[in-house]
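The structure under discussion appears below in the form of C-alpha cells.
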Number of protein chains: 2
Amino acid sequence: MKKINVALVGLGQIGNYLMNELNKKKKDIELKTGKKIDIVAISAKNPNKKRLFKINKKLFYKNPLEIFKQKKIDIIFECVGLSDGISKKIVETALKNKIHVITPNKALISKHGDYLSKLAEKNKVNLEFEASVAGGIPILRTIKEGLATNKINKVYGILNGTCNYILSEMEATKETFLNVLTRAQKLGYAEPGNPKLDLNGYDALAKIRILSSLSFNKNISKQKCLMEGIENIESKDIDIADQLNFRIKLLGITELINNKLFERVHPCLVKKNSYIANVSGVMNAVILEGSPVGESVLQGEGAGPGATSSALMSDFLSILRGNIKFPFGVSSKKRKSISSYDLNKYSNSLYFRFEVNDKPGVLSQITQSFAKRNISVERLIQIPDHKSKKASIIIITHKTNELDANRCLKLFKTNKNILKIPTRIRLF
Amino acid sequence: MKKINVALVGLGQIGNYLMNELNKKKKDIELKTGKKIDIVAISAKNPNKKRLFKINKKLFYKNPLEIFKQKKIDIIFECVGLSDGISKKIVETALKNKIHVITPNKALISKHGDYLSKLAEKNKVNLEFEASVAGGIPILRTIKEGLATNKINKVYGILNGTCNYILSEMEATKETFLNVLTRAQKLGYAEPGNPKLDLNGYDALAKIRILSSLSFNKNISKQKCLMEGIENIESKDIDIADQLNFRIKLLGITELINNKLFERVHPCLVKKNSYIANVSGVMNAVILEGSPVGESVLQGEGAGPGATSSALMSDFLSILRGNIKFPFGVSSKKRKSISSYDLNKYSNSLYFRFEVNDKPGVLSQITQSFAKRNISVERLIQIPDHKSKKASIIIITHKTNELDANRCLKLFKTNKNILKIPTRIRLF
C-alpha cells in the first residue's frame, strides 16, 4: 500500500480536533483510498498545551518552515489561520515544493487565492479549501463537482454562525446584543478576544468572495463591497421585526446582474415563513440558483472543530483518491475578471429606525426629508417612551435605491432632535 | 486536446434534455476538463419523434447493442430506465467492454448495483448514478466525497417529488387524491400511464436502498421492508393533521440501530414547524446525521429533466476529470452485509382513523381493543356525519410498537360497524 507523508501546522481548536480524527480514522482512510497515511511532522506555538493527544516530540517543529528542509512531505494541513505572514509562507513554500495543501483559512484564500492557485497549478499539486466556507457543508465541492455544468446566477445564505447565533438568541431571550455576545464567547461560538471580524461582516464577505469565484469562474474580487455587520442591531429592531412578521438575518449574497458582479453582506429583514428565516443558531445555509438544476439548498453546521474537520478530511480524501484538480474548478488562465455592479442602483424596501426627542415637528421633518429624496413611505410606526420624552420612529419604505437612501440619511445628520444615526435594515 | 467518444441510449424526457445540454455545453466542458467530447452514437425506440434537436441519422442505432460492435465508445449514458432487460444488458456490455457508464436508473441500481459495481471495478471503469437519487441534489457525491470520513448514523428525507406534490396540493386545494393525481399527471409530475411505483413507496425505497449502501458501506439490501405509499391518504386525514398542527409527508428513512439496518418508507405526521414539513411541492430534501459533521440538510428539485441532467452532467465531468472510482465509495470487497432490525420493535405514536357506523357501543369496542393490546390512547376525536349516520373516529396513541399495532388492527377485521380498514399514519 502506498504511504503518504502528512504534516500538520497549527494545533488550535481545529488542528487539535483534526489530528485526533486523522489518528482515529487511519483504517477508514485506507479502506476508502487504498493509501496508508503517516503523520511525520506537526508544528504549533506551544508543544506543552493540553490536547486531545500526546505530542510525539520527535515529530514536533517549533518553526514550521523547518519541516520542508528536514522531511519529505506529500500533503500539508495549514491550520494557523492568518491572512498573511506565516500562513502564506507555509502554503507558498509547500506548493513550490510540490506538496498538496489543505487549509480552512478563508482570510488567506480570499486575499491570496488567485496567486496561490496559480502556484498550485504550475507545480501540479492540489490546493484545497473546502473548510474555508460554511464548515461542514460541502458547498465548494458541490459547486465544482456536484453542479459542475450548471450556470449559476446567484448564491446567498447565512455564512457566519456567530452572527446567526447572536441574532437567534436575541430573539429567543430578549436580551441585549452585548449580553448575548458574552454568552456566545463563553460557549466558544465567538472569538473570546476580538470577535470584530465575525460581527462586522468581514468573515462572511471573505466567504462570499470565494463562493463568487467558484460560481462564476472568475478571479477573486478585490473591490470594496457593501459590508455591514450586526453590531448596531438592537433588541428593539428584533421586536419590531417580529411584530411585522419578519426576522433579522445577516446574509451574504453574490449574483450576476447584467453580467456585472454584485457581492454584499448586510443584515436583512426576511419573512418569518421563508426557509432562510428558519435557519437558527450556529447553523449555516447556502442557497444556489442555477440552470438547469433550479434552486438548491444546503444546510449544516457552519463552524466548530467537528464540522471543520469533516471538510478538511473530505479534501484529504479527495487528494488521496484523485488526480490533480484546479483549485477553483477551472484553470487560472480561464478565469475572468468581471466588473462590479453599481451599488447605487441596489434597490430594496428599507426599514429605518429613528430615535428622536418626542417634540412636535420632528416626525414631519423626517417625512419631509423622505419626500425630498423621492422615497415613498409604505408604513410608519411611532413608539413613544413617555418617561424619557423620547420616541422611536420606524419607517418601512417602498423600493428605494442606495443612492437616494444615502442622500436622505445625510439630511438627518444636522437634526439635533434625531439622537443617533438611524438604523437601516434592507428587506430581502 | 484528448477526444472522448460518447454514446447516449434512450431519448425520452431525460435523454432528450441531456442531449441538448451536451450539445450546448461542449465549450464549458472543454474549459473545465480539457477534454473534447464527440457524440458518436445515439439510440432510441423512435428516431422520428419530435425532439429538442435533430437526430443525425448517421449516428442513430435502432438496436443499442449494435453500438458496441460498430463504434469505439469511452462513455455511455443509459437513459432507458428499466430494472432489467435492455437497460441491464447495455450497462453490462458497456462495463465488460471497459466503457464508463452513467445512468439515472434507480430501479437498475437498487436491484443490480452490487453486481454491476463489481463488474465496473473488475474492468477498471466508472459506474456513476448520481441522478438515481434526489435528482438535482448531489447527495451521492456528498456522501462519497464531501462527507467522506464521517460516520453516518441516519439518512432520511422526502425522496419522491410526485408524492410530495400530491400531498402539498391536497392540503392547499382541499381536493381529493384522485383529482390532484390527475393534475400531477397533466403537469408531467406523475407518470401518465402507471404512477403506481411512485405512489406506493417503491420509488422512494429504491432510493433509500442506494443511500443506505453508500452511507453505511454495505451491500444493497434485498430484504422485505416496511413500504407504504400515499394511496390511502384522504383529504380528511390532511385536514385533521392540520388541526393537530401536523402535516403528512411520505418519508424514506434508513438508519443503524444497534448495528442493525432499518430501512423504511411510509407516510409520517410531521410537526408543521419542522424543517421537513416545509419542503413542499416537487422538492426533495435529504437530511443526514453524521459524526463529526452533525446534521446536514440538502434540498433541491428532485425530478424533471433539468435537475436530472444536472446530476448526469456532474457524473460526466467527474469521469472526464478524474481517475477510476469505486461506484459505492469503497471497494466491493470491503462492503459488508448488515442484518436487519426487527420491524416489530419499531415504536411510534400512531394516528388511526376509523370510519364507523354511528351506533352506540362502537367507540367502546374500539377503545377496548386498544386496551386489550396495551395500547395507550393519548387523544381521541370523534367527528359525526349526522346525515349518513356515520362517524370518523381519530385516535392518537402513545408510543406503540408495530407488533402491538398490527395485532390490534386484526381485532377490527370482523367488526361490521367498522366500514373500512382503518388508516394508520406514524408520527415522526
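Read the figures in this text as sums done on the coordinates, not as results from a lab. Quantities reported herein were computed from a predicted structural model and do not represent experimental measurements. Cβ coordinates were reconstructed from backbone atoms using ideal geometry, including for glycine residues, and neighbour counts include every protein chain displayed.
Based on C-alpha pairs under 8 angstrom that are at least 6 apart in sequence, chain B has a relative contact order of 16 percent.
Evaluating 6.51 cos²θ - 1.76 cosθ + 1.60 at θ = phi - 60° for every residue in segment A:159-168, the Karplus couplings come out as 10, 10, x, 4, 4, 5, 4, 4, 5, 4 Hz, glycine and proline recorded as x. Of the trypsin sites (Lys or Arg not before Pro) found in segment B:119-206, the ones in coil according to DSSP and having at most 15 other Cβ atoms within 10 Å of their Cβ are B:124, B:174.
For a modelled paramagnetic label at residue B:2, 7 Å from Cα along Cα-to-Cβ, the residues of segment B:83-103 in reach, with backbone nitrogen under 19 Å, are B:95, B:97-102. Checking the Cα-Cα distances for B:249/B:271; B:69/B:89; A:69/A:106 against a 18 Å cut-off, the pairs over it are A:69/A:106. Taking the label point 7 Å along Cα→Cβ, residue B:13 and its counterparts in the other copies are spaced 4.7 nm apart, in ascending order. Here's the list of aspartates and glutamates a cross-link from residue B:154 could span, going by alpha-carbon distance under 12 Å and ignoring same-chain residues fewer than 8 apart: B:255, B:263, B:289, B:295.
Where in segment B:355-393 is the amide nitrogen less than 17 Å from a point lying 7 Å along the Cα-to-Cβ axis of residue B:234? Of the residues in segment B:355-393, B:355-359, B:363, B:381-393 have backbone N under 17 Å from the label point off residue B:234.
Checking the Cα-Cα distances for A:111/B:2; B:186/B:236; A:3/A:24; B:27/B:72; A:122/B:3 against a 26 Å cut-off, the pairs over it are A:111/B:2. Fewest neighbouring Cβ atoms within 10 Å first, the residues A:287, B:324 line up as B:324, A:287. Taking 0.36 nm per residue of separation and subtracting the current Cα-Cα distance, fully stretching the chain between residue A:257 and residue A:420 would add 55.2 nm. Roughly how far apart, in whole Å, are the Cα centres of segment B:348-401 and segment B:98-167? The distance from the Cα centre of segment B:348-401 to that of segment B:98-167 comes to 42 Å. Among the lysines of segment A:344-427, pairs at least eight places apart or on separate chains and with Cα atoms under 13 Å apart come to 8. Remark: chain A projects, on average over all directions, an area of 22.4 nm² (convex hull of Cα atoms).
Remark: spin-label model distance residue B:187-residue B:411 equals 4.2 nm, labels positioned 7 Å along the Cα→Cβ axis.
Taking Rh as the Kirkwood radius, which is the inverse of the mean 1/r over Cα pairs, what is the Rg/Rh value for segment B:2-103?
0.94
The mean of 1/r over all distinct Cα pairs in segment A:344-427, once inverted, gives the Kirkwood hydrodynamic radius of 12.8 Å.
A point 7 Å from Cα along Cα→Cβ stands in for residue A:421, and the other copies hold the same point at 6.8 nm, listed in rising order. Per residue of B:15-22, other chain Cβ atoms within 10 Å of the residue Cβ number 1 on average.
A Förster radius of 41 Å, combined with the Cβ-Cβ distance separating residue A:72 from residue B:38, puts the computed FRET efficiency at roughly 0.45. Distances, shortest first, from the label point of residue A:331 to those at the same position in the other copies read 3.6 nm; the point lies 7 Å along Cα to C-beta.
Given 20 °C and 1.002 mPa s, how large is the Stokes-Einstein diffusion coefficient of segment B:203-260 in µm²/s, with Rh as the Kirkwood radius over Cα pairs?
Rounded, D is 157 µm²/s.
In a shell of Cβ-Cβ distance under 11 Å around residue A:97, excluding residue A:97 itself, what net charge do Lys and Arg (+1) and Asp and Glu (-1) give? Once positives and negatives cancel, what remains is +3. Between the alpha-carbon centres of segment A:262-310 and segment A:219-238 there is a gap of 16 Å.
Pairs from the table (B:45/B:144; A:36/A:334; A:25/B:272; A:35/B:124) lying more than 28 angstrom apart at Cα are B:45/B:144; A:36/A:334; A:25/B:272.
From the convex hull of the Cα coordinates of the protein assembly as shown, what is the mean projected area in square nanometres?
One quarter of the hull surface, i.e. the mean projection, equals 41.8 nm².
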